[in-house]
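J.: Please see the structure below; I have some questions.
The values are calculated or read from the model by the stated rules, or taken from the named source; none is laboratory data. These numbers come from a predicted model, not from an experiment. Quick reminder, even Gly has a Cβ in these numbers, built from the backbone with ideal geometry, and neighbours come from all protein chains shown.
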């Protein structure tokens, strides 16, 4: 068939491959399904490891990286799950362990006792090995008969390569090298049943958020961003600075949502995928705040006291359903005209294109999150009104720690706003407005949701 050509020299076989390649052999459907299930299992395990370790990971950059990588693994697992369901086998066996050696490998990574070993297991072993497995599948399978899977894996390989590249930078930053343990993990990927070390005693989920040295006062609740933003007497431009604080403060939302995902079992896979997507969105919002402070010329680690009191309180005082209830309740206050739309309008009015852009996407994301809340939280109640009432009730039960944090010596709730605002004015060559500098309202009596603000401000 070497002389077989397309009409007028047009690409044959829709451009998928040559005729010579199409005449070759490939994997059977059964072999394809077996390999895909192994990849799917690996992606699901990595999704949970990234998720379950981000709350207690102190380093901000790693929290953000874990948030993204958990989301990417969930998305690619979803695609493979759907593909297996198209190959004469519904996804009924998708949660089965394909290989005891592989299970033990991921158990070892999940129970790594410190950040360095966790990073070794994920970025030195699991991610690059899975990428190689995906590449081999694309080579081994038939390019025409199995074209849908090859397309899925092409997209998956883009994500896995990005994760691997991130891991290489992490490896360099931490000076990570192979250890005997990581070499054992490599053997396990090849099918060897290794001895349990870290997983001999399973590590419980740790829902207490941790922060690195750039967060010197994480209990600080001294600056009420919502009161400032909704004060019509305050000028618009400083409100963009306060909105950047609100965005960066959203670090605690992934910390909290990770605990819901980790501690909620027996849900359809779509639940975990949707919740992980929202978790990643909230991490993006935090990074928008980080970028905003960079635009303003403000070193947030010196001039902004980013607290973790919200995630700490919810993770340690409430059940997973109660945490989700609080999240949904707060989000409902963000959707009316006086919520996310208002913040977007502030960004536009300020003449700061970056602020307007960030708030535009922040608003759009919240619309998606409202749908996630309806699908997986409101659906467990008789009606939306009851779901909102329950969320308000749960939220009220955790708003009692302002004075306790101060009395126990954890924080003085210092008003850091004047120095932050001054730093932004200095960087921009602007004269500070006395009224803005004088702002000193804390969260002592007014909680951080717009529903409460409307009656308390």
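J.: Just one of the numbered conditions (1) in a loop (DSSP other than H, G, I, E, B); (2) in contact (Cβ under 8 Å) with a residue 24 or more places away in the chain; (3) touching a helix residue (DSSP H, G or I) at 6+ places or on another chain (Cβ under 7 Å) is not true of residue 68; which one?
T.: Residue 68 satisfies every listed condition except (1).
J.: Oh, and also: State whether one or more residues within the stretch 425-436 are surrounded by 19 or more Cβ atoms within 10 Å (Cβ to Cβ), closer than 23 Å to residue 308 by Cβ, out of contact with any strand residue (DSSP E or B) (no Cβ under 6 Å at 6 or more places or on another chain) and at pLDDT 95 or above.
T.: Looking for residues that are surrounded by 19 or more Cβ atoms within 10 Å (Cβ to Cβ), closer than 23 Å to residue 308 by Cβ, out of contact with any strand residue (DSSP E or B) (no Cβ under 6 Å at 6 or more places or on another chain) and at pLDDT 95 or above, one finds none in the stretch 425-436, hence no.
J.: Looking at residue 79, is it in contact with a helix residue (DSSP H, G or I) (Cβ under 9 Å, 6 or more places away or on another chain) and free of Cβ contacts under 8 Å to residues at least 60 places away in the same chain? Explain how you work it out, then say what you get.
T.: Numbers: in contact with a helix residue (DSSP H, G or I) (Cβ under 9 Å, 6 or more places away or on another chain): yes; free of Cβ contacts under 8 Å to residues at least 60 places away in the same chain: no.
So residue 79 fails the test.
J.: What is the number of the single condition among (1) in a helix (DSSP H, G or I); (2) crowded, with 21+ Cβ neighbours inside 10 Å that residue 294 does not meet?
T.: (2)
J.: Turning to a different aspect of this structure: Quick check: is even one residue across the stretch 368-387 assigned by TED's automatic domain parsing to the domain that holds residue 257 and under 17 Å from residue 246 (Cα atoms)?
T.: Scanning the stretch 368-387, I find no residue that is assigned by TED's automatic domain parsing to the domain that holds residue 257 and under 17 Å from residue 246 (Cα atoms), so the answer is no.
J.: Go through the stretch 343-363 and report how many residues are surrounded by fewer than 18 Cβ atoms within 10 Å (Cβ to Cβ), closer than 12 Å to residue 239 by Cα and under 27 Å from the mean Cα position of the chain (by Cα).
T.: Adding up the residues that qualify gives 1.
J.: Which one of 53, 38 is crowded, with 22+ Cβ neighbours inside 10 Å, in contact (Cβ under 8 Å) with a residue 60 or more places away in the chain, out of contact with any strand residue (DSSP E or B) (no Cβ under 7 Å at 6 or more places or on another chain) and over 16 Å from residue 273 (Cβ atoms)?
T.: The conditions single out 53.
J.: Quick check: anything in the stretch 232-253 outside the structural domain of residue 102 (by TED's automatic domain parsing) and over 26 Å from residue 339 (Cβ atoms)?
T.: Within the stretch 232-253 (the criterion being outside the structural domain of residue 102 (by TED's automatic domain parsing) and over 26 Å from residue 339 (Cβ atoms)), the answer is no, since none of the residues qualifies.
J.: Given the options 17, 32, 73, name the one that is within 20 Å of residue 149 (Cα to Cα), outside the structural domain of residue 271 (by TED's automatic domain parsing) and not in a helix (DSSP H, G or I).
T.: Working: 32 fails: not in a helix (DSSP H, G or I); 73 fails: not in a helix (DSSP H, G or I).
The match here is 17.
J.: Among what's in the stretch 144-180 and is buried (at least 17 other Cβ atoms within 10 Å of the Cβ) and closer than 14 Å to residue 117 by Cα, pick the residue that is farthest from the chain's Cα centre (by Cα).
T.: The extreme case among them is 176.
J.: Which of the residues spanning the stretch 258-275 are assigned to a loop (DSSP other than H, G, I, E, B) and more than 16 Å from residue 79 (Cα to Cα)? Please lay out each step first, then the result.
T.: Keep residues of the stretch 258-275 that are assigned to a loop (DSSP other than H, G, I, E, B), which gives 264-268.
Across the stretch 258-275, the qualifying residues are 264, 265, 266, 267.
J.: Is the stretch 90-105 home to any residue that is buried (at least 22 other Cβ atoms within 10 Å of the Cβ) and at pLDDT 95 or above? Before you say what the answer is, go through the steps one by one.
T.: Looking only at the stretch 90-105, we keep the residues that are buried (at least 22 other Cβ atoms within 10 Å of the Cβ), and these are 105.
With at pLDDT 95 or above added as a condition, the list becomes 105.
Among the residues of the stretch 90-105, at least one is buried (at least 22 other Cβ atoms within 10 Å of the Cβ) and at pLDDT 95 or above, which makes the answer yes.
J.: Report yes if some residue within the stretch 214-232 is over 21 Å from residue 414 (Cβ atoms) and surrounded by fewer than 18 Cβ atoms within 10 Å (Cβ to Cβ); otherwise report no. Give the derivation first.
T.: Residues of the stretch 214-232 that are over 21 Å from residue 414 (Cβ atoms), as a first pass: 230, 232.
Among the residues that remain, those that are also surrounded by fewer than 18 Cβ atoms within 10 Å (Cβ to Cβ) are: 230, 232.
So far as the stretch 214-232 goes, yes, one or more of its residues are over 21 Å from residue 414 (Cβ atoms) and surrounded by fewer than 18 Cβ atoms within 10 Å (Cβ to Cβ).
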